[in-house]
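Beneath this line is the structure, given in structure tokens, with notes to follow.
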Amino acid sequence: MLLSACGILAGLLAISRAVDVKHTALEREAKFEGNIRNLEIQADGSAKALMRRDAGRDSDLTEDAPHPQRFSKLGIGYCPAGYYAGWVAADGNLESCKAKCQEEEKCRFFALYEGKTCSRYDSRAGDCNERVEAGGEYSPEQHTTFAKTEKVDPRYRKLGKGYCKSGYYAGWKAEDAINLAVCAAKCGTESQCHYFAFVEGKTCSRYTGDAKDCSDREVRGDDHTTYAKTQETQALYHFTKLGTGYCAVGYFAGWIPAESTLQGCKAKCEAESGCRFFALYEGKTCSRYDSRAGDCSQRVTQGGQYFPESHTLYAKTEQ
């Protein structure tokens with residue numbers, strides 16, 4: 001009887017331990033997903049997220065990353081179409097307005113009315129050349145419109161609207177058309193690529209030398225913009241795989257799933273002058289690190305709450 005009771009007690013203890021282990025694992029997973037959601041909400045390309053990078057280490061406030069976009073002043077007034085957000089007085093200054101437009105993927109233009117509104121416009125605004133400059137109830141003469149223009153890889157020259165009529169060899173993969181930098185990087189890695197026609201989120205169509213000078217282009221209402229490769233160097237930078245984990249210090253941006261492919265991550269790090277390393281967690285983050293990381297010999301490779309064992313680290317070096 002005593003042996004039977006001991007056996008039952010041992011069985012109950014084993015079940016209890018298994019439940020505790022499962023509960024701990026589920027709790028860790030839920031906490032991780034919660035952290036990612038918080039980081040995705042905070043992630044705006046300016047690295048304001050507070051990262052707890054090591055077990056028992058206090059979080060450090062990271063520095064702002066360089067803006068991946070530039071803004072060109074178009075002039076007085078606002079776009080006649082494409083408005084989607086604005087009229088929050090706190091956003092009604094130039095720096096806040098730039099930051100808002102930068103963090104919003106669909107923002108193509110903003111119209112600033114100092115102290116009143118940072119009105120943002122999407123692709124429905126077209127090129128916003130025909131603006132509302134007078135009349136109406138929103139004081140258009142007090143608005144100044146700016147266009148968001150991504151920094152273009154210096155190896156490429158913008159030709160204009162449309163696409164080459166010949167020489168096409170690849171395209172229509174959304175992952176290559178996440179943004180202009182990713183498309184340019186794709187063309188840069190292909191020796192046969194002489195031109196690419198970009199439609200954000202749809203295609204990065206590439207063309208060989210058979211396109212000649214691509215001056216005679218097909219122009220339709222599908223928003224293709226064509227760029228010509230001006231330097232035949234395949235890449236401005238080389239990326240060396242260092243191994244598993246991420247740098248212990250120097251983080252400045254990441255946790256945007258759309259960028260979290262090897263091609264996208266290389267393009268982001270290439271475009272950011274401060275980027276020295278990136279740690280890729282496929283589908284989760286392209287975490288970038290600046291010179292504060294040193295040679296990144298101090299890496300987090302296990303433990304902590306960000307699954308370092310799922311990260312692969314790369315170093316950027318000039319060709």
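The values are calculated or read from the model by the stated rules, or taken from the named source; none is laboratory data. Worth saying up front: this structure is predicted, and the values here are computed from it rather than measured. Don't worry about glycine lacking a Cβ; one is built from the backbone with ideal geometry, like all the others, and counts go over all protein chains shown.
For the range 275-291, taking the residues that are out of contact with any helix residue (DSSP H, G or I) (no Cβ under 7 Å at 6 or more places or on another chain) and of a type outside the set (Asp, Glu), the one that is farthest from Cys183 (Cα to Cα) is identified as Ser291.
Counting only strands (runs of 3 or more DSSP E) that sit wholly inside the range 222-293, those with at least 1 residues that are out of contact with any Asp or Glu (no Cβ under 9 Å at 6 or more places or on another chain) and within 22 Å of Gly304 (Cβ to Cβ) are 237-244, 277-281, 285-289.
For the range 113-148, name all the residues that are hydrophobic (A, V, I, L, M, F, W, C) and assigned to a loop (DSSP other than H, G, I, E, B). Even if it seems obvious, please write down each step before you answer.
Kept after step one, since they are hydrophobic (A, V, I, L, M, F, W, C), are these residues of the range 113-148: 118, 125, 128, 132, 134, 146-147.
Those that are hydrophobic (A, V, I, L, M, F, W, C) and assigned to a loop (DSSP other than H, G, I, E, B): Cys128, Ala134.
Consider the range 89-105 and keep the residues that are at pLDDT 90 or above and not in a helix (DSSP H, G or I). The one that is surrounded by the fewest Cβ atoms within 10 Å (Cβ to Cβ) is Asn93. Just one of the listed residues (Ser291, Ser297) is over 22 Å from Ala184 (Cα atoms) and free of Cβ contacts under 8 Å to residues at least 40 places away in the same chain, and it is Ser297. So if I check each of Phe146, Phe196, which one is modelled with pLDDT of 90 or more, under 12 Å from Lys229 (Cα atoms) and of a type in the set (A, V, I, L, M, F, W, C)? Result of the check over Phe146, Phe196: Phe196.
Can you tell which of Ser205, Ser166 is modelled with pLDDT of 90 or more, assigned to a strand (DSSP E or B) and either surrounded by fewer than 22 Cβ atoms within 10 Å (Cβ to Cβ) or not acidic (Asp, Glu) (or both)?
Numbers: Ser166 fails: assigned to a strand (DSSP E or B).
Answer to the selection: Ser205.
Of all residues in the range 194-213, those satisfying the criterion of being farther than 26 Å from Lys148 by Cα and of a type outside the set (A, V, I, L, M) are Tyr207, Thr208, Gly209, Asp210, Lys212, Asp213. Can you say whether Ala258 is closer than 22 Å to Ala170 by Cβ and small (Gly, Ala, Ser), as far as the supplied structure shows? Considered against the rule, which asks whether it is closer than 22 Å to Ala170 by Cβ and small (Gly, Ala, Ser), Ala258 comes out as yes. For the range 105-159, a residue qualifies if it is farther than 30 Å from Thr189 by Cβ and of a type in the set (A, V, I, L, M, F, W, C), and the qualifying residues are Phe109, Phe110, Ala111, Leu112, Cys118, Ala125, Cys128, Val132, Ala134, Phe146.
Yes/no matrix, rows are residues, columns are (1) closer than 30 Å to Ser166 by Cα; (2) modelled with pLDDT of 90 or more; (3) surrounded by 14 or more Cβ atoms within 10 Å (Cβ to Cβ):
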site: Asp222; (1), (2), (3): yes, no, no
site: Thr230; (1), (2), (3): yes, no, no
site: Ser260; (1), (2), (3): no, no, yes
site: Ala271; (1), (2), (3): yes, no, yes
site: Glu282; (1), (2), (3): no, yes, yes
